[in-house]
Each structure stands twice: as C-alpha cells, then as structure tokens.
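The values are calculated or read from the model by the stated rules, or taken from the named source; none is laboratory data. What you see is a predicted model; the values in this text were computed from it and never measured. Cβ placement follows ideal geometry from the backbone for every residue including glycine, while neighbour counts extend to all protein chains displayed.
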Amino acid sequence: MNKWWNEAVIYQIYPRSFQDSNGDGEGDLKGITSRLDYVKALGVDAIWLSPFYKTPNKDGGYDVADPRDVDPRFGTLEDARKLFEKAHSIGLRVVVDIVPNHFSSEHKWFKEALKSPKGSEARNRFHFYDGKDANTPPNNWISLFGGPAWTQIADGQWYLHLFDSSQPDLNWDNPEVAEDFEETIRFWIDLGADGFRIDVAHGLAKEDIHVDHYDPQGLSDALRLDVLMEVEKRNSYLAKIPFFDRDGVHEIYRKWRKIFDSYGDREIMAVAEVWVHPPKRATLYVRPDELHQFFNFDVMNAPFDSEYLYKSISDMLNLVKEQSAWPTWCLSNHDSERVASRIGSQAARAMALFVLGLPGSAYIYNGQELGLPSGEMSDSDRQDPIFFRTNGKQKGRDGARVPMPWSGETSPFGFTNGKPWLPLQNDWKEFTVEHELADLNSSLNLYKRALELRKEYFLGSGELTWTRTNGLLSYKRGKVEVLINISDQEIPISGKVILASQTIADVLPPATAIWLLS
C-alpha cells in the first residue's frame, strides 16, 4: 500500500532562519505560517521543522530543555497549533524533529541530577560514572563537536555527552526515559504533527562505557562532524564506534511504531537520521515493525562523479527493496555545506533534476530551491559550538543556516525588520524569492516546474533502468528518460525535452541534466 511519504517531497525549514515576524532578528513560528503559501506553491507535499522547543540554544535548538513546549524566541504552543492548522488547510503535512539522544543541561532532569547523590535515580537518567582516577574520565571517547565526551562535576563524577557539554546523553536503559519520550510523541501527534524526524537515531544505545576505544595513532581526530560529511573517511570509522548503531536501538523503535500505528488513518511517519556502515545496517531501521524512512547521506555528500552516483543510487535502491521500503534523496540540510557551494551552481541545478526523478522521497532544504550558496561571514559572527570547541579549526555549520532572502535590494532582504541573527550577504539580491519568481530561468522556477512534472510523469512509475556511456549517466522511468552530463564534453541528444537544468539546443552541455519524453 502506497503511503503519503513514499514518494513525497518534503521541505525542511530551519525555523530560526526562515522568517522573522516580530523584528527580533530570529525566525519564528508565526513567520513560518506567513510563508506557507509560498511553500505550497513550490509544489511540495510536507514540511519538516527543525527544533523549535524550549532551549538555551547552545546548539541551534538541538539542546532541548523541554520537548513539550515552544521556546519563547519561536512563539507559543498556540502558534504551533495554528501553524499545523494552516499547513493542513492548504494540503501540507508537518514533520517535526525529535531529539532522543540527549537533553539540554537546562532540562529539569539534569538540574535534579546535579543536586542528587551518586547512584541516585536522578543520575540514572543520564550516564554518570566515576572516573578511572580523580582526573581521568571513564574512557577516552571524544565528542563529535571536538574535545572529550566527558565533563566532570563538583563531586568528582563524569557525565557523557557525545556532542556539546551542554547536551548530556540520556540513558535509554532507564524505563523512565522511554516513557517520557513516548509521552512527547503522543503530545505532538495530538497537537497536529504528521510525523517525526529522529535526530541521532543511531546513537541511543551505548555499550562498553568503561572501555577505551581510540588508539594513540590519531583515530580520535577522525570522529568529527566534518569527517562525517566525507563519505570514505566516515565509512572507515563508523563500524568501529561503540556508541553508534547498537542493536538495542531497534527495540525502542518497535515500541514507537506501535504508537504511530495506533493513530490509524492519520498515517504518522518517522524518518531516521542514521550514520551507519556498512549501508545495509541502515535498512534495519526500516523493517516492517520499525521506522518508515532513513536519510541517505551518500548522495548528499557525493562528488559530481558518474560512477560514484550510479553506484550509490543503485546500491541504495537495491538495499531498501530488501525491506520493501522506499529510499530518500537530499542534496543539502542544516548540517551540511549547501549543494550550490559544494559542487557549483550549474551542477546543483543538474543534480536537482536528476534526483527529483528517482523513486522515493525527496527532501529540499529551505533556500536550496533558490540555488542559495552557503553564507560567508567573519569569525566574530559565528555561533556554532563546533567553531568554539575546536578553537576555530572547524568553521561549523553557520554557513548552511544563514537566513532566507525574500525580497528587496539590500540585506536582510525581507527576512526581518531587525538585525538578523546571522548575516545575509549584501550581494544576494539575485537569490531573493522576489527576484527569482520574475526570472523564468531561475533556480526557483526550475524547481517549481520540476515538482509539477514529477507529479505528472514519475509518481507511481516504478523501477528504473540505467544507461552509462562516457560521462553520460541516465535512467528511464515510465515515459521519461533522465540524463545528466558529468563529463567535460558536450553530448549530442535527440528526443522531446520536457525540462532542462540549463538552456540547451541539440547537445547536452557539461553539468546539465534533462528530462526526455520517449
């Protein structure tokens, strides 16, 4: 049975950077609601909201202090309810983030833990342990944000945090943790959410807490968020990490699936952020009694290379088929360099056409449809904890989170009436929604046309067949053949072109994709 998410196009909104409604320089829920007609006109099926929960905002909202309340910077629970209602009224579903690996150090549980004695139930909700000695943590694990994964408190114990020290990891062996998150899931579904994106879905179960893992030959330097964006390096380390992709996570998701299914015709879905290796391990998360989708990061971080794209796409199609699941495709998100900066603006347009014809769900990160590059800024403007924990060695993710440019001649281009929390570049007039709507050849109009034709030609058209010759990579689905030129030569073409990433004649230029009607 075909569910709504199987072939949906889902638009990711980073709330702080989408639209400010009150002039404080930060996007908010009312701002998002005011722009939903734009999102609907783009042609997508659903939105995914990055966290908007109560937070001290040490990590862009992924440090959650109360998972069942809205942070005042974003509005109120009533604003969230109205956003859901508006989205549903115009035919958009809403997916929200859930962050089960850790809480903020400002969460009431962690505050209680700091005041409670060793061995208390309050501390058992997290990973508190004595060190090897007075000055040595329980093991030598490191944080993905740089530095040790342990912080010592006043009585000498250490607590685990795989990310920032303000994000203590939760102990999922404690039934109280599981019960609390089940309550959170029901809370948001009852308020109107149609699904969940599960942050660090592979990280909940921890093993071998008292065992050192990293060798002295530099392995500890490899487990960093920037390395996770490099496919070959990532895969060489992931299988060795003792706190990722442990079998215990699957029982958690089996219980969650029962909650999702209990809502019947609401068709609640869940998509997992999973960094695993080998890739076959990811399919365990979409077994029939677990989650519905997982993000495919190999294409998001892929080089603009014909053989690599063919192998990563065809391998993923074969893997998910084993579980009778559907794949996902994305080119950018809030944690990665924007695709237009990573592979170039022309290649980014071509890749958009190439992935939008593939079977499965496509995820579009806000601003991607504009061809928006990563933002550039001075170090004094940066806010990502990665930048500070690595003493500036890693620039962090702020470039991907720069606010949306909507209209006007100068920064902040309609995003806010105040000072934006991250600077928009002064030369971004050509990237504004206003400017691109008026330009028939713009990236925005390319996306709008592609999403319209995707519904007409690709939905329900089934499997694909490949053709590969001299840098030309193509596949056929139904009545349409999708071609992308990854060579440095022009390639002759014939047939009826229904859409092209660039203006073409009788040849396909390098870094160009087309849809041909057969």
*Of the residues in the range 505-516, how many are over 19 Å from residue 476 (Cβ atoms) and either among the polar types (S, T, N, Q) or without any contact (Cβ under 8 Å) to a residue 40 or more places away in the chain (or both)?*
5
*Kindly list the number of the only condition in (1) hydroxyl-bearing (Ser, Thr, Tyr); (2) closer than 30 Å to residue 451 by Cβ; (3) free of Cβ contacts under 8 Å to residues at least 60 places away in the same chain that fails for residue 76.*
(2)
*Identify all residues within the range 415-442 that are in contact (Cβ under 8 Å) with a residue 60 or more places away in the chain and either in a helix (DSSP H, G or I) or of a type in the set (Gly, Ala, Ser) (or both); write none if there are none.*
418, 431, 433, 436, 442
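Every residue in the range 112-159 that is basic (Lys, Arg) and within 28 Å of residue 391 (Cα to Cα), please. Don't jump to the end; show me each part of the working.
To start, the set of residues in the range 112-159 that are basic (Lys, Arg) comprises 115, 118, 123, 125, 132.
Result: 132, single match.
Only one residue in 68, 93, 81 is touching a residue at least 60 places away in the same chain (Cβ under 8 Å) and within 29 Å of residue 435 (Cα to Cα), so which one is that?
Values: 68 fails: within 29 Å of residue 435 (Cα to Cα); 81 fails: within 29 Å of residue 435 (Cα to Cα).
The unique qualifying residue is 93.
Counting only residues that are among the acidic types (Asp, Glu) and farther than 23 Å from residue 196 by Cβ, which one in the range 17-68 is surrounded by the fewest Cβ atoms within 10 Å (Cβ to Cβ)? Write out each step before concluding.
Pass one, the range 17-68, residues among the acidic types (Asp, Glu): 20, 24, 26, 28, 37, 45, 59, 63, 66.
Then drop every residue that is not farther than 23 Å from residue 196 by Cβ, which leaves 20, 24, 26, 37.
Numbers: 20: 23, 24: 15, 26: 25, 37: 12.
Taking the candidates together, the pick is 37.
Let's see how each residue does on (1) in contact with a Ser or Thr (Cβ under 7 Å, 6 or more places away or on another chain); (2) polar (S, T, N, Q); (3) outside the structural domain of residue 398 (by TED's automatic domain parsing):
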{"site": "67", "(1), (2), (3)": "yes, no, no"}
{"site": "73", "(1), (2), (3)": "no, no, no"}
{"site": "76", "(1), (2), (3)": "no, yes, no"}
{"site": "83", "(1), (2), (3)": "yes, no, no"}
{"site": "88", "(1), (2), (3)": "no, no, no"}
{"site": "121", "(1), (2), (3)": "no, no, yes"}
{"site": "125", "(1), (2), (3)": "no, no, yes"}
*Please tell me if residue 198 is in the same structural domain as residue 59 (by TED's automatic domain parsing) and of a type in the set (A, V, I, L, M).*
yes
*Restricting the search to the range 151-177, which residues are at pLDDT 95 or above, out of contact with any Lys or Arg (no Cβ under 7 Å at 6 or more places or on another chain) and among the hydrophobic types (A, V, I, L, M, F, W, C)?*
153, 154, 158, 160, 172
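So, in the range 181-204, exactly how many residues are surrounded by fewer than 18 Cβ atoms within 10 Å (Cβ to Cβ) and not hydrophobic (A, V, I, L, M, F, W, C)?
To start, the set of residues in the range 181-204 that are surrounded by fewer than 18 Cβ atoms within 10 Å (Cβ to Cβ) comprises 182-183, 186-187, 190-191.
From the residues that got through so far, the ones that are not hydrophobic (A, V, I, L, M, F, W, C) too are 182-183, 186, 190.
Looking only at that region, the number is 4.
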*State the number of residues belonging to the range 115-150 that are of a type outside the set (Phe, Trp, Tyr) and either closer than 24 Å to residue 60 by Cβ or touching a residue at least 60 places away in the same chain (Cβ under 8 Å) (or both).*
12
_Can you list residue pairs whose Cβ atoms sit under 7 Å apart, with the first residue in the range 269-290 being without any contact (Cβ under 8 Å) to a residue 40 or more places away in the chain and the second being of a type in the set (Asp, Glu)? Count only pairs 6 or more apart in sequence or on different chains._
281/245
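Results for (1) in contact with a Cys (Cβ under 6 Å, 6 or more places away or on another chain); (2) within 21 Å of residue 291 (Cα to Cα); (3) without any contact (Cβ under 8 Å) to a residue 40 or more places away in the chain, shown as yes or no for each residue.
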{"position": "152", "(1), (2), (3)": "no, no, yes"}
{"position": "155", "(1), (2), (3)": "no, no, yes"}
{"position": "158", "(1), (2), (3)": "no, no, yes"}
{"position": "164", "(1), (2), (3)": "no, no, no"}
{"position": "177", "(1), (2), (3)": "no, yes, no"}
*Among the residues of the range 368-381, how many are surrounded by fewer than 18 Cβ atoms within 10 Å (Cβ to Cβ) and either of a type outside the set (A, V, I, L, M) or not in a loop (DSSP other than H, G, I, E, B) (or both)?*
5
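Yes/no matrix, rows are residues, columns are (1) in a helix (DSSP H, G or I); (2) modelled with pLDDT under 65; (3) not basic (Lys, Arg):
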| residue | (1), (2), (3) |
| --- | --- |
| 182 | yes, no, yes |
| 204 | no, no, yes |
| 220 | yes, yes, yes |
| 237 | yes, yes, yes |
| 245 | no, no, yes |
| 251 | yes, no, yes |
| 257 | yes, no, no |
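Quick one: which residue in 452, 409, 456, 463 is over 25 Å from the mean Cα position of the chain (by Cα), surrounded by fewer than 19 Cβ atoms within 10 Å (Cβ to Cβ), of a type in the set (Asp, Glu) and in a helix (DSSP H, G or I)?
Values: 452 fails: over 25 Å from the mean Cα position of the chain (by Cα); 409 fails: in a helix (DSSP H, G or I); 463 fails: in a helix (DSSP H, G or I).
Within the list 452, 409, 456, 463, the selection yields 456.
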*Which residue, of 474, 487, is among the small types (Gly, Ala, Ser), free of Cβ contacts under 8 Å to residues at least 12 places away in the same chain and surrounded by 13 or more Cβ atoms within 10 Å (Cβ to Cβ)?*
474
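Take residue 49 and tell me if it is over 20 Å from the mean Cα position of the chain (by Cα) and within 20 Å of residue 365 (Cα to Cα). Step through it out loud before you land on a result.
Working: over 20 Å from the mean Cα position of the chain (by Cα): no; within 20 Å of residue 365 (Cα to Cα): yes.
Criteria not met by residue 49.
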